[in-house]
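Peer 1: Before I ask anything, here is the structure I am working with.
The values are calculated or read from the model by the stated rules, or taken from the named source; none is laboratory data. Values in this document were obtained by computation on a predicted structure and should not be read as measured data. Because the Cβ atoms are built from the backbone with ideal geometry, glycine has one as well, and the counts that use them run over all protein chains shown. With ligands, DNA and RNA removed, areas are computed over all heavy atoms of the protein, side chains included. Shrake-Rupley method; radii C 1.70, N 1.55, O 1.52, S 1.80 Å.
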Amino acid sequence: MNRIFWLTYNTMVQIVRQRILYTVLFFAISLIAVGGVLDSAAPGQKGIMVLDIGLGAINLFGVMISIVMGVNLLYQELDKKTVYNVLSKPVSRTEFVIGKYLGQVAAIAIVLAGMAMCLVLATWAAEGTVPGIAGQALWAIYLELMMVSAIAMLFSSFSTPYLSGLFTLGFWIVGSLASEIRNYQRYWDLKAYERVVTKIFYILPDFSKLNLKDRVPYNLAPPEGYVWQITLYALLYTAGLILVSSIIFRRRDFK
């Protein structure tokens, strides 16, 4: 555990030093600018629109950051040969993968917290209050980013950053459209289609489950216990991906 902790800490510091926090600054400035435009364009709806647009922007920024960081973490260690220095010490490849992943999601938590703080301040300035469900929506976004990071880590354990990025982006798009893909069955009334789609999403991520953003403008809380359900789903899915990533990385030939 001590070795994983230091790998996590060093990875988080390494990512933060890559000027990724400038993303937060850019986001804050963009949000304030959008809020100023909405003030005149939609009187009476400014706070709701700032919150709606802000959550969407946080989600999109977060996914892009997760993919870029996730596909490069292992590749940079291999490309710069620094992985040899780490693995020459009493650190297993499994611990290396887990430490790298935890460092990435810790850095994402810092970035997400910064963007969330900007959003809360902008919404408060516009509306004078912030709906409580906004916190649940932000937590759901973080769960989604954890899963996206794990998918990127999985592909980067055996492929190039370019292909890993494309595969991860494809998984995210399909996973985000999961509910729409299931709903096609209503029009066609094909039981076989429903069975196939259900089995496919046992493997593919279902990010539509984590979408609480659409409830925020209406201050519509999810059913009781739903946040715990999606948290358990995200953690189990992520743990499975990291397990597979570590198995692949253990068998990888670095030469």
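Yes/no per residue for (1) within 30 Å of SER159 (Cβ to Cβ); (2) buried (at least 19 other Cβ atoms within 10 Å of the Cβ); (3) modelled with pLDDT of 75 or more:
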residue: LEU7; (1), (2), (3): yes, yes, yes
residue: VAL16; (1), (2), (3): yes, no, yes
residue: LEU25; (1), (2), (3): no, no, no
residue: LEU31; (1), (2), (3): no, yes, no
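Peer 1: Can you name the residue in the stretch 35-72 that is surrounded by fewer than 16 Cβ atoms within 10 Å (Cβ to Cβ), assigned to a helix (DSSP H, G or I) and small (Gly, Ala, Ser) and, of all such residues, is modelled with the highest pLDDT?
Peer 2: Of everything passing the filter in the stretch 35-72, GLY56 is modelled with the highest pLDDT.
Peer 1: Which of the residues spanning the stretch 211-232 are surrounded by 14 or more Cβ atoms within 10 Å (Cβ to Cβ) and either in contact with a His (Cβ under 7 Å, 6 or more places away or on another chain) or in contact (Cβ under 8 Å) with a residue 60 or more places away in the chain (or both)?
Peer 2: Answer for the stretch 211-232, where residues must be surrounded by 14 or more Cβ atoms within 10 Å (Cβ to Cβ) and either in contact with a His (Cβ under 7 Å, 6 or more places away or on another chain) or in contact (Cβ under 8 Å) with a residue 60 or more places away in the chain (or both): ASN211, LEU212, LYS213, ARG215, VAL216, PRO217, ALA221, PRO222, VAL227, ILE230, THR231.
Peer 1: In addition: Checking THR129 against (1) open to solvent by less than 50 Å² (accessible area, probe 1.4 Å); (2) part of a loop (DSSP other than H, G, I, E, B), which test does it fail?
Peer 2: (1)
Peer 1: To continue, here is another question. Determine whether GLY103 is in a helix (DSSP H, G or I), in contact (Cβ under 8 Å) with a residue 40 or more places away in the chain and within 13 Å of the chain's Cα centre (by Cα).
Peer 2: no
Peer 1: Here's a follow-up. Within the stretch 111-126, how many residues turn out to be at pLDDT 80 or above and surrounded by fewer than 15 Cβ atoms within 10 Å (Cβ to Cβ)?
Peer 2: 3
Peer 1: Working only within the stretch 137-161, note down all residues that are open to solvent by 10 Å² or more (accessible area, probe 1.4 Å), touching a residue at least 24 places away in the same chain (Cβ under 8 Å) and more than 16 Å from ILE58 (Cβ to Cβ).
Peer 2: Answer for the stretch 137-161, where residues must be open to solvent by 10 Å² or more (accessible area, probe 1.4 Å), touching a residue at least 24 places away in the same chain (Cβ under 8 Å) and more than 16 Å from ILE58 (Cβ to Cβ): LEU154, PHE155, PHE158, THR160, PRO161.
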